[in-house]
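One structure below.
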Amino acid sequence: MKYKLLCSDLDGTLLATKSDVSAFAASEIRRVKDAIRIILVSARMPKAMYYIQQDLGILHEPLICYNGAYILHQKVVLASTEIKAEHIAAIHRMAAPLAINLGLYHKDEWYVPADSERVQKEIRYTKSAPVFKGTEATIEDWKRRTIGAHKIMLMGTKESADQILPQLEETLGAYLNLYRSNDTLIEIAPKSVSKLSAIQQLLKADESLNDVIAFGDNYNDIEMLRHVGCGVAVGNARDEVKAIADHITLNNTADGVAHFIKTQL
């Protein structure tokens, strides 16, 4: 095997549906998993990734959660980087007048202020459930517990997302990574971490980024795909991702990752 690590994004990449890997993908991963380390790299929380690890037979491998802000190995925490409570409060102050709700994530905790179609989709797609609690109350609770957010999800409209994103970049861009998931969603992570930095932390002494093949589809995958030995974009990836990829495979719904593994690895 030319590569020592295979790192894959989940949503829009490895997952053929919104929530699951296909039987084909599972069989291909299981076929190669003894010859190459398979590491899932996602913006998801841990419990929204464990069931996928189990389906793939790789529960013994590390997990990169929250775009690199939380790294686990068999539930042992290897690294944890949080967004400070003061920054969460500042984001909330900007979001509230625009009727943008905050999804706040810490480890396997997920808090939202109200139910919505977006929240219900997240429940279905990730097989996880939130705690319904006002954002200000959650912030105060986290201050008492001296914890922060591994991820913040801003849920608004296209218009409100268009309006808040430049404000966030100007005021908090030095501290936070801001990813536009789609027209209505903005994902926020600590500035000091990324999917790439997390992969680097998991490299063994005899491994380098040249030993890594990675798959992705979205903006938060660009750095990872650009710097590993082989970066592969799925066919449904954003144009900016395809532009920097070494290869382009089939769409996620056509099992592009599994197809590439079968034909190229």
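The values are calculated or read from the model by the stated rules, or taken from the named source; none is laboratory data. Computed from a predicted model, the values in this text were never measured in an experiment. Heads up, the Cβs are rebuilt from the backbone with ideal geometry, glycines too, and the neighbour counts pull from every protein chain shown. The protein model used for the area step is the full one, side chains on, heavy atoms only, and it has no ligands, DNA or RNA in it. Shrake-Rupley method; radii C 1.70, N 1.55, O 1.52, S 1.80 Å.
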* Give the residue, chosen from Leu59, Leu104, that is hydrophobic (A, V, I, L, M, F, W, C), within 19 Å of the chain's Cα centre (by Cα) and either more than 30 Å from Ala23 (Cβ to Cβ) or not in a loop (DSSP other than H, G, I, E, B) (or both). => Leu104
* Structure fact -> Residues of region 162-176 being open to solvent by 60 Å² or more (accessible area, probe 1.4 Å), more than 19 Å from the chain's Cα centre (by Cα) and in contact (Cβ under 8 Å) with a residue 40 or more places away in the chain, in sequence order, are Gln163, Gln167, Thr171
* To do: Kindly establish whether Val21 is under 27 Å from Thr146 (Cα atoms) and hydrophobic (A, V, I, L, M, F, W, C).
  => no
* Does Met49 satisfy the criteria of being closer than 17 Å to Asn177 by Cα and in contact with a helix residue (DSSP H, G or I) (Cβ under 8 Å, 6 or more places away or on another chain)? -> no
* For region 182-191, does any single residue satisfy the condition of being of a type in the set (A, V, I, L, M), over 19 Å from the mean Cα position of the chain (by Cα), under 26 Å from Trp110 (Cα atoms) and not in a helix (DSSP H, G or I)? -> no
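Give the residue, chosen from Ala96, Ala89, Ala79, Ala137, that is over 19 Å from Ser181 (Cα atoms) and not in a helix (DSSP H, G or I). So that I can check it myself, show each step before the final result.
Numbers: Ala96 fails: not in a helix (DSSP H, G or I); Ala89 fails: not in a helix (DSSP H, G or I); Ala137 fails: not in a helix (DSSP H, G or I).
None of the other options fit; the residue is Ala79.
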* What number of residues in region 140-161 are open to solvent by 70 Å² or more (accessible area, probe 1.4 Å) and in a helix (DSSP H, G or I)? -> 6
* Quick one: which of Met49, Met94 is under 21 Å from Ala149 (Cα atoms), open to solvent by less than 10 Å² (accessible area, probe 1.4 Å), out of contact with any Gly (no Cβ under 8 Å at 6 or more places or on another chain) and hydrophobic (A, V, I, L, M, F, W, C)? -> Met49
